[in-house]
Structures are given as C-alpha cells and as structure tokens.
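To start, the structure itself, in structure tokens.
The values are calculated or read from the model by the stated rules, or taken from the named source; none is laboratory data. Small disclaimer: the values here were computed from a predicted structure and weren't measured. Note that each Cβ is placed from the backbone with ideal geometry, even for glycine, and that neighbours are counted across all protein chains shown. Heads up: the accessible areas ignore ligands, DNA and RNA and are worked out on the full protein's heavy atoms, side chains in. Shrake-Rupley method; radii C 1.70, N 1.55, O 1.52, S 1.80 Å.
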Amino acid sequence: QTCALPIFVFEKNKEVGGKLSEKKIGSYRFDMGPSLFTMPHLLEELFALYGKQLSDYLPYTKHTESCRYFFDEEPIVFYTDREKLRNELTHHGLDVTRVDKYLDRSERHYRSVGTFFLENAIHRPFSWPMIQLIKALPRLMTSAVFTSLDRFNRRKLKSERLQKIFNRYATYNGSNPYTASAILSMIPHLEQNVGTFFPEGGMRGIIRALQRLADDVGLKVMSNQHLQSCMRKGKKYEIETQNSSFQFDRLVCAMDHLTFYKDIIWDQSLFKKYKRQERSSSALIFYWGIHGEHPKLGLHNIIFSDDYKNEFREIFKGKRIPDDPTIYIHISSKCKPDDAPPGCENWFVMINVPADDSLLDQEVIDRIRQKIQERIKLKLGIDVASSMMAEHIWTPNGIANDTGSYLGALYGASQNKKLAALTRHPNKSSSYEHMYFCGGTVHPGGGIPLSLLSAKIVEKLN
C-alpha cells in the first residue's frame, strides 16, 4: 500500500534485482537467473496499488509453449493451448486423457489448497481467512500431501516420459521429486493452464519496470550498501552500512534469512536453528554465445538424464555433481532477437548441483562442460563446442557472493519433506518485534511469483 512514512530499500549491489540480473558479453545479453515468467497478474496488482498500469512499464506477451522436452532429437512440445497439446501428445503416442485429467485436477487443487497456502501467513493461524480455509479443507484431504510427487505421478501417469516431465516441477523450488510432497502437482496449472509469458526486454525488464515504479512513487533505493549490522535499540532498528547509520520503526528482510542471521543481526541461535534444514539445490550455469540458429530449440528446453532418480540421489544424498545431469537450455533470443548477433543465439545452460561450491574446481567444471556438450550433440545433433563464441560461468559460490544466497542454494530450504511448507521460515518474526521477511527463502517459496506473494503477505501482516 502507499504509505506516508519514508521507506528505504538497501541494496548490496550496484543495481537492484538479486538473481534477476543480466550479463553482457560483447553483443550477447543473458538473463542470469530466473528465466520463466508466470502469474503476471501479481505484477499487475502491484502497479495498480499505485494507480499505474503494468503495460505502461512492462509490456509482455503470452508464449505459445511452456517447454520442449527432448528424449530424442524430436522434442515433445508442451503447448499452453490445450488442443495443440492434445495433438502433440497424440503424435508422440502419449495418453491424452491422463494428461487432461492431471491438468484439470491441478487447477482444482491450486484454486483451493494452493491459493490458501500461498497467499496467507500459514504460521499465524489467527490470520487465516476462515471461508477460504473451509473451501480448501476437502481438497487438502485428497491432495496426496503425504505421498511423494514421483509416486503420485507414477499412479496418475503411466508413461515414463510423462512421469519425468511432471516430476521436474519439484525442481521449481530446488527439491527432490522422489521425496517432496505430491502437493507440488498443483504447479503445472500455472504453467500449462494459466500460461507462460515473455516480458519485453527479457526477464531483466521486470526489474527495470519495478525500478521505474519506485522512482515514480518516490521510493528511496540506496545501492552499493554493504550492511554491517542491524541492532534493536529501544523501539527502533539501527542499520549500519559502510559509511552511515539509519534508524527505522519496522524492518523487512528480503535477503536470505540465514545470511541475515549470520552476518547482519548476528543471531547465532536462529542461524543454527534454520541451518539445520536441508538446503535446496544450487546450479552450475554456462552462458554461451552460439554461432548459428537452431529451430528445433525453443525458448525453454529440457534434455533429461537417462536415470532421473539417480540424479537426485547424487545431488541430495551423495552431495555430489550428477554424472548424468538433466540439462536446461533457455534461449531468450528466440523471443528477443537482439540478445544475440544476427545468425546467433544466446544459450543459458543450467544443471542442478548441490549447494556446496567446494565440489567445483576448474577441472570439474571443464569435465562437466564437456559432458554437457557431448550430451547435446548426442540428443540434438548440435556441435556446441565448435560454434561457441563466448562464455561466462556462474557457480554456487558466485551465486552466494552475488546474491547473498547461503551456500548458493537457489530457494533457501528444500521442500524434500512432506510438511516442509509448514517449517519454512515465516513472514513475520516471533523473536523480533516489527520484523518481517519476504523473498525466495521464506514462505511461500522461491521464484518470481512466490517472492511477490511473500511481499503481499507481509503487507497484510504489517
């Protein structure tokens, strides 16, 4: 809400945005972090609070595909149009009826259980809207919350290929589909039924729009601010930066709560408490400038590992880099051609890895790069090694240093336990008065939409 009180935003880096940063290498531009844009209505609501229209700041278009899945050279294209998707599944000999039922169920459960848990401070029961809770309870009882996502998908989808496709939604919060709750089966509704979108200017365009809005409404954003400490003095919080101090009545922490407890407010008790929670996966990301255009690839592409279950066993149980990783390739130049020179493409190539940078040295990175390139050549027939024109690499340690994410974990704590949503860090502190938390490491979770929802919850609690 608009507020007469002065509000300051302290940003560690030169520019705001956190993981929604960008990298330019010559004529190539890359969005470094999140690459999938869903639930744009949340941004619409935010801008409307200030009497603004998002379209004046950030035009965006609905994308016709959510993702292309490669099991061999011909991809299975998951169209966001249901009839096109049915035709595609039929072409590949997959069970259309089961997918239809799955997506319909996903929508029903999201609209009841999903909205209740994602839009409310579940750690503060007295704040729950009772009418919404009453509507959600019957669905909750049938949501398979105590079943793993993989077991649920094996029951609902008999095809191994479909099981892999719908298991991958656990990776949206850095978790293991073989242990995480089947409640995550609601996520496909957002991607397939509501749709995926592409913002003008790429994903970084979201940050530019928010920065413009902040400027227009007089919100003070202070960049290059290295917070030294935060202390409670009387009824106020005193923030110490490298060269100034400030006092505030209320504090909202949008950084990783573990980093905040460890390095800013120096609360070792809370740090140790939340450190015990298993971290989500991190990522090793290669940003490649590629000479040539490849029409078989779309905006979002997945090349699955042959043994998907073992991949997650290696990440979460073995705490090591998978020998046969699933490869995600995002190419924004498919929708924004000026992100690459004419006749070229900008490839964002990511694999999931444990949140531990000690596993990666240059020799390991070189070996992984070679494996990825060999896999792409085998599955897609594309010789990446000979067409690479530029490269940048983001490791878990780089992610930690650049964004403050503890150990480089992309989403804070994992959701590998069935009731992980209930143990996720709350949006309001029970230890410090007038202290609130939003962002990807607290309730309701990571990613752009859930980070926006966390801010919306804080606004209701404040």
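Based only on Cα atoms, what mean projected area does the convex hull of the chain have, in nm²?
Result: a mean projected hull area of 21.8 nm².
Using amide H atoms built in the peptide plane, which far-off residues or other-chain residues are under 5 Å from residue 63 H to H?
196, 197, 198
If R₀ is 30 angstrom, what is the calculated FRET efficiency for the pair residue 386 and residue 15, using the beta carbon separation as r and rounding to 0.05? Before the final figure, lay out each step's value.
Details: r = 35 Å, r/R0 = 1.16.
FRET efficiency, residue 386 to residue 15: 0.30.
Considering only 241, 228, 266, whose Cα is most displaced toward the positive end of the charge dipole of region 228-274, charges sitting on Cβ of Lys, Arg (+1) and Asp, Glu (-1)?
266
So with the 1.4 Å probe, I'd like the accessible area per residue for the chain, rounded to whole Å².
Details: 20510 Å² over 462 residues.
On a per-residue basis, the chain sits at 44 Å².
Quick one: which residues, 5 or more positions from residue 9 or on another chain, have an amide H under 5 Å from its amide H? H modelled 1.01 Å from N in the peptide plane, none for Pro or chain starts.
220, 221, 222
Relative to the present Cα-Cα distance, how much length would full extension add between residue 212 and residue 397 at 0.36 nm per residue of separation?
Result for the pair: 63.5 nm of gain on full extension.
List the relative contact order of region 306-392 as a percent without decimals, with contacts defined as Cα pairs under 8 Å and 6+ residues apart.
21
Under the rule of -39500 (n - 2.57) per DSSP H run of 4 or more residues, summed and divided by the residues of the chain, what mean residue ellipticity at 222 nm is obtained, to the nearest 500 deg cm²/dmol? Before the final figure, lay out each step's value.
Details: 15 runs with 141 residues, N = 462.
The helix contribution divided over the chain gives -9000 deg cm²/dmol.
Amide H to amide H under 5 Å from residue 22: which residues, 5+ apart in sequence or cross-chain, H placed 1.01 Å off N in plane?
Correct list: 32.
Could you tell me which of rounded, prolate or oblate describes region 333-409, using a ≥ b ≥ c as the square roots of the eigenvalues of the alpha-carbon gyration tensor, with rounded for a/c under 1.5 and, failing that, prolate when a/b is larger than b/c and oblate otherwise?
Taking the square roots of the gyration eigenvalues as a ≥ b ≥ c, region 333-409 is oblate.
So how far apart, in nm, are the two label points at residue 108 and residue 378 if each is 7 Å from Cα heading toward Cβ?
4.1
Run the numbers on region 220-328 and let me know its relative contact order in percent, using alpha-carbon pairs under 8 Å that are six or more apart.
Result for region 220-328 is 15 percent.
Taking Cα atoms, how many degrees apart are the long axis of helix 96-109 and the longest axis of the chain, rounded to 10 and kept between 0 and 90?
That helix lies at roughly 0 degrees to the long axis.
Which longest uninterrupted range of the chain lacks any trypsin sites (Lys or Arg not before Pro) assigned by DSSP to a loop state (not H, G, I, E or B) and surrounded by at most 10 other Cβ atoms within 10 Å?
Value returned for the longest uninterrupted segment is 15-234.
Of all accessible surface on the chain at a 1.4 Å probe, what whole percent is carbon and sulfur?
About 52 percent, which is the carbon plus sulfur part of the accessible surface.
Pop out the ³J(HN,Hα) list for region 196-207 in order, Karplus 6.51 cos²θ - 1.76 cosθ + 1.60 with θ = phi - 60°, rounded to Hz; leave Gly and Pro as x.
Each residue's phi maps through the Karplus curve to give 10, 9, 10, x, 4, x, x, 4, 5, x, 4, 5 Hz.
Dimensions of region 201-266 along principal axes (Cα, Å, largest first)?
Result, largest extent first: 42, 26, 21 Å.
Taking θ as phi - 60°, what are the ³J(HN,Hα) couplings along region 222-230 by the Karplus curve (6.51, -1.76, 1.60), each to the nearest whole Hz, with x for Gly and Pro?
With coefficients 6.51, -1.76 and 1.60, one gets 10, 8, 6, 9, 8, 5, 8, 6, 9 Hz.
From the phi of every residue in region 346-358, what ³J(HN,Hα) in whole Hz does the Karplus formula 6.51 cos²θ - 1.76 cosθ + 1.60 yield, where θ is phi - 60° and glycine or proline is x?
After applying 6.51 cos²θ - 1.76 cosθ + 1.60, I find 9, 9, 9, 10, 10, 10, 7, 9, x, 7, 6, 6, 5 Hz.
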